[in-house]
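Asks: Structure in structure tokens, see below.
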Amino acid sequence: MQNYSANTLAFRVSLILAIVLVGLVVVLKYSMGLSIEWTFIVIVTACFFIISFFILRNILYNFIYRRIRLIYKSISNIKEDDKTKQEPFNMHTDMLQQVDHDVTAWAEKSKKEIEQWKHMLQYRKEFVGNVSHELKTPIFNIQGYTLTLLEGGLEDKRINTRYLSKIEKNINRMISIVRDLEAISKLEHGELSLRIIEFNPINLAQDVIENLEERANEKDITLEIVPHYEKAHLVEADPEYIRQVFTNLILNSINYGKEKGHTKIEFFDMDDNLLIEVTDNGIGIAEENILRVFERFYRVDKSRSTQSGGTGLGLAIVKHIIEAHKQTINVRSRIGIGTTLAFTLRKH
Ligand SMILES: Nc1ncnc2c1ncn2[C@@H]1O[C@H](COP(=O)(O)OP(=O)(O)OP(=O)(O)O)[C@@H](O)[C@H]1O
Ligand SMILES: [Mg+2]
């Protein structure tokens with residue numbers, strides 16, 4: 001917007017006024033033949049109207065300007081934006097348009113912020129509700145076993161060690177829930193800092209399998225690594241987080257696998273990436289539930305998952321980790337046939 005100084009403006013107005021008056025004198029005196037007195041009266045009246053118009057306009061302008069400036073100042077004070085970023089308020093800018101523009105922008109920003117807060121509030125409500133729901137079962141179990149032991153069970157050799165080991169199992173369950181909750185909360189708030197290095201994912205998978213062998217043996221499930229390439233390939237990723245990915249996926253294949261089942265961890269070379277697939281021949285997931293398995297706290301069959309100690313956080317954590325590596329994960333499954341979880345990692 002053009003920025004005139006008050007002096008320039010006054011000078012230009014006076015100049016135009018002088019030219020108009022000289023023109024008026026010439027027209028009245030020579031073209032219309034008016035007497036000098038009447039010419040003088042017409043000129044004075046015209047001057048009077050023009051000057052009154054400018055005085056009135058100035059008074060009104062200042063009156064409105066001062067009030068709008070007050071409104072503008074209040075808006076500026078409310079706005080949390082850095083004041084130095086604001087455009088200086090100028091006599092000759094269109095004040096109403098500027099106020100309108102600022103108020104609209106401010107209202108839109110506030111609306112967005114309110115939506116975000118509502119979303120956050122809903123998220124917290126759900127999160128707290130789910131957390132207390134998940135912790136309730138082990139807490140009540142521990143309470144039940146402890147009371148039985150206190151009320152004489154401690155002396156009963158048939159139950160005391162059995163109940164104590166059940167208490168320990170429930171405490172371990174609480175520890176794993178709290179650990180998963182911490183992980184998901186960090187991941188969902190983007191507080192994850194990856195330590196990217198090069199490593200061979202087959203060695204890592206082998207290590208995870210050795211740790212989970214005992215669990216697999218309980219159900220007589222065999223775990224097998226199948227690379228589909230000759231030469232060893234390294235990936236660029238955070239091995240600690242990828243260990244968690246392998247652990248959660250292989251644990252799921254055991255928990256939701258059949259007795260005497262089979263889990264394959266396959267590795268495919270995809271030029272820029274390695275594709276890794278964990279496939280079981282377990283119970284499978286129905287089509288209508290497939291897209292929901294990555295939601296936090298989602299379990300297809302709540303009763304079955306509770307038996308196997310599931311919180312519904314495992315796959316949500318896995319998805320966040322893979323996405324933090326800017327890679328993809330997806331799931332294929334058929335009820336009664338089995339499930340495949342496939343994800344990519346960037347090759348070195
Ligand atoms: N390999 C699989 N076969 C069949 N169903 C599966 C498989 N993996 C996951 N699911 C289904 O998806 C749900 C979500 O899995 P997820 O790993 O997120 O949670 P969870 O295993 O129930 O609990 P946890 O937090 O202990 O892992 C499971 O409850 C299960 O119903
Ligand atoms: Mg799981």
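Asks: Can you pull out every residue in the stretch 273-295 that is more than 12 Å from ligand 1 (Cβ to nearest atom) and modelled with pLDDT under 95?
Replies: GLU287, GLU288
Asks: Could you grab me the full set of residues in the stretch 253-272 that are within 16 Å of ligand 2 (Cβ to nearest atom) and open to solvent by 40 Å² or more (accessible area, probe 1.4 Å)?
Replies: ASN255, TYR256 - these are the residues of the stretch 253-272 that are within 16 Å of ligand 2 (Cβ to nearest atom) and open to solvent by 40 Å² or more (accessible area, probe 1.4 Å).
Asks: Give, as residue ranges, the strands (runs of 3 or more DSSP E) completely inside the stretch 247-348 that count at least 2 residues that are of a type in the set (Gly, Ala, Ser) and under 25 Å from GLU213 (Cβ atoms).
Replies: On the way: elements: 262-270, 273-280, 329-334, 338-346.
So the answer is 338-346.
Asks: Select from the stretch 273-302 the residues that are hydroxyl-bearing (Ser, Thr, Tyr) and within 12 Å of ligand 2 (Cβ to nearest atom) and list them in ascending order.
Replies: Taking the stretch 273-302 first, the residues hydroxyl-bearing (Ser, Thr, Tyr) are 279, 298.
Answer for the stretch 273-302, where residues must be hydroxyl-bearing (Ser, Thr, Tyr) and within 12 Å of ligand 2 (Cβ to nearest atom): just TYR298.
Asks: Quickly run through the stretch 160-179 and pick out the residues that are open to solvent by less than 60 Å² (accessible area, probe 1.4 Å) and among the aliphatic types (A, V, I, L, M).
Replies: Once the filter is applied, which keeps residues that are open to solvent by less than 60 Å² (accessible area, probe 1.4 Å) and among the aliphatic types (A, V, I, L, M), the stretch 160-179 yields ILE167, MET174, ILE177.
Asks: Yes or no: ILE317 within 14 Å of ligand 1 (Cβ to nearest atom), in contact (Cβ under 8 Å) with a residue 60 or more places away in the chain and open to solvent by less than 30 Å² (accessible area, probe 1.4 Å)?
Replies: yes
Asks: Read through the list (1) within 11 Å of ligand 1 (Cβ to nearest atom); (2) surrounded by 17 or more Cβ atoms within 10 Å (Cβ to Cβ); (3) at pLDDT 95 or above, then give the number of the only condition that ILE337 fails.
Replies: (2)
Asks: Somewhere in the stretch 98-110, is a residue at pLDDT below 80 and over 30 Å from ILE159 (Cα atoms)?
Replies: Checking the stretch 98-110: at least one residue is at pLDDT below 80 and over 30 Å from ILE159 (Cα atoms).
Asks: Check the stretch 143-159 and report whether any residue there is surrounded by 10 or more Cβ atoms within 10 Å (Cβ to Cβ) and under 26 Å from GLU323 (Cα atoms).
Replies: Scanning the stretch 143-159 turns up no residue that is surrounded by 10 or more Cβ atoms within 10 Å (Cβ to Cβ) and under 26 Å from GLU323 (Cα atoms).
Asks: Moving to a separate point now. Does ARG299 meet the test of being open to solvent by less than 30 Å² (accessible area, probe 1.4 Å) and modelled with pLDDT under 95?
Replies: Taking the combined requirement at face value, the residue satisfies it.
Asks: Further question on the same structure: Go over the candidates VAL245, VAL235, VAL318 one by one and state the one that is within 23 Å of ASN203 (Cα to Cα), out of contact with any Ser or Thr (no Cβ under 8 Å at 6 or more places or on another chain), of a type outside the set (Asp, Glu) and more than 16 Å from ligand 2 (Cβ to nearest atom).
Replies: VAL235
Asks: Return the only residue of PHE40, PHE54 being more than 29 Å from THR104 (Cα to Cα), assigned by TED's automatic domain parsing to the domain that holds SER14 and without any contact (Cβ under 8 Å) to a residue 40 or more places away in the chain.
Replies: PHE40
Asks: If GLU182 satisfies all but one of (1) away from ligand 1 (no atom under 15 Å from the Cβ); (2) open to solvent by 40 Å² or more (accessible area, probe 1.4 Å), what's the number of the condition it fails?
Replies: (1)
Asks: All but one of (1) closer than 30 Å to GLU126 by Cα; (2) in contact (Cβ under 8 Å) with a residue 12 or more places away in the chain; (3) in contact with a strand residue (DSSP E or B) (Cβ under 9 Å, 6 or more places away or on another chain) hold for VAL278; state the number of the condition that does not hold.
Replies: Going through (1) closer than 30 Å to GLU126 by Cα; (2) in contact (Cβ under 8 Å) with a residue 12 or more places away in the chain; (3) in contact with a strand residue (DSSP E or B) (Cβ under 9 Å, 6 or more places away or on another chain) one by one, VAL278 breaks only (1).
Asks: Could I ask something else about it? Looking only at the stretch 321-348, count how many residues are away from ligand 2 (no atom under 16 Å from the Cβ) and within 21 Å of GLU198 (Cβ to Cβ).
Replies: 11
The values are calculated or read from the model by the stated rules, or taken from the named source; none is laboratory data. Here the structure is a predicted model, which is why all the values come from computation and not from measurement. Methodologically, a virtual Cβ is constructed for each residue, glycine included, from the backbone with ideal geometry; neighbour enumeration extends over all protein chains shown. Quick note on the areas: whole protein, heavy atoms, side chains included, nothing else; ligands and nucleic acids left out. Shrake-Rupley method; radii C 1.70, N 1.55, O 1.52, S 1.80 Å.
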